[in-house]
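Every number here is computed from the coordinates shown, using simple stated rules; none is lab data. This is a predicted model, so every value here is computed, not measured. Here the Cβ positions follow ideal geometry from the backbone for every residue, glycine too, while neighbour counts run over all protein chains shown.
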């Protein structure tokens, strides 16, 4: 790549697997500097945008933003970053990666396979362009097994002072991180949910709820519009609330079709 030490960001939501990848990389690529170890897609997007690493190792299945989502944002936020997907998909799905000429590692990661990937990364610098990613997503949609996931959340129980409210999830405009808890915002007001925002990502319908910031998840049905400023950041206008919501610059790539 270049004379300076190569750098990377790792995104894997399972702590043991994340540490295993870190250890394996230390053995296979001792001079590689790990700049950030991320446990979810949102923190990975922000870390990649901040550090502009040479390589990003992305688990495909993560709560909220998947590895594919992170790759889409990476193509905009850090286009020189090479992407390596880490996956447990079977051989049929692996064919999608090979046809797209995109690096991948199968779980459990074998030292010989990792060594081969490292050599390829050292030998070239390629960008993950939008058309290549779109082709990969299409192929994975046909080949990859469906993710085992619980039914999307329909109701939540949240506190507003001494009152406990039963709130229909589709009535939520957005969720905002509040320390270890989450503020639930509807057209009628706010309530406090005793669930961290990261855990919500596992149970919300991903077709309706999109993360726009590390601390904010918005209901797309509540969005009136998205405006991008000259710096690349965005602002979400809501249909039923007067406030606007900031969209971190790296996350704007996820709104390219809106």
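Counting beta carbons within 10 Å around each of 252, 62 and listing the fewest first gives the order 252, 62.
As a proxy for reagent exposure, 179, 51, 213 were ordered by neighbouring Cβ count within 10 angstrom, fewest first; the result is 179, 51, 213.
If the chain between residue 178 and residue 26 were fully stretched, how many nm would it gain, using 0.36 nm times the residue separation less the Cα-Cα distance? Intermediate values should be presented prior to the final figure.
Working: separation 152, 0.36 × 152 = 54.72 nm, distance 3.60 nm.
Stretched out fully, the residue 178 to residue 26 stretch lengthens by 51.1 nm.
Quick one: divide the alpha-carbon radius of gyration of the stretch 155-255 by 2.2 N^0.38 Å and tell me what you get. Before the final figure, lay out each step's value.
Working: Rg = 13.3 Å, N = 101, 2.2 N^0.38 = 12.7 Å.
That ratio works out to 1.05.
With a simple spin-label model that places each label point 7 Å from the Cα along the Cα-to-Cβ direction, the separation between residue 168 and residue 244 comes to 3.0 nm. Label-to-label distance, residue 228 versus residue 52, with points set 7 angstrom from Cα along the beta-carbon direction: 1.9 nm.
Fully extended, how many nm does the chain gain between residue 194 and residue 255 (0.36 nm per residue separation, minus their Cα-Cα distance)?
Details: separation 61, 0.36 × 61 = 21.96 nm, distance 2.89 nm.
Stretched out fully, the residue 194 to residue 255 stretch lengthens by 19.1 nm.
Here the contact order of the stretch 155-255, divided by its residue count and restricted to Cα pairs under 8 Å and six or more residues apart, works out to 19 percent.
For the stretch 37-51, the residues whose backbone nitrogen is under 18 Å from a point 7 Å from the Cα of residue 4, taken along Cα to Cβ, are 47-51. Each peptide in 198-211, 63-76, 109-122, 32-45 gets a packing score, the mean of other Cβ atoms within 10 Å over its residues, and the list from highest to lowest is 63-76, 32-45, 198-211, 109-122.
In plain terms, the residue of 58, 245, 168, 220 with the fewest other Cβ atoms within 10 Å comes first and the most crowded comes last, giving 168, 220, 245, 58. Extension gain for the segment residue 221 to residue 113, taken as residue separation times 0.36 nm less the Cα-Cα distance, is 34.5 nm to one decimal.
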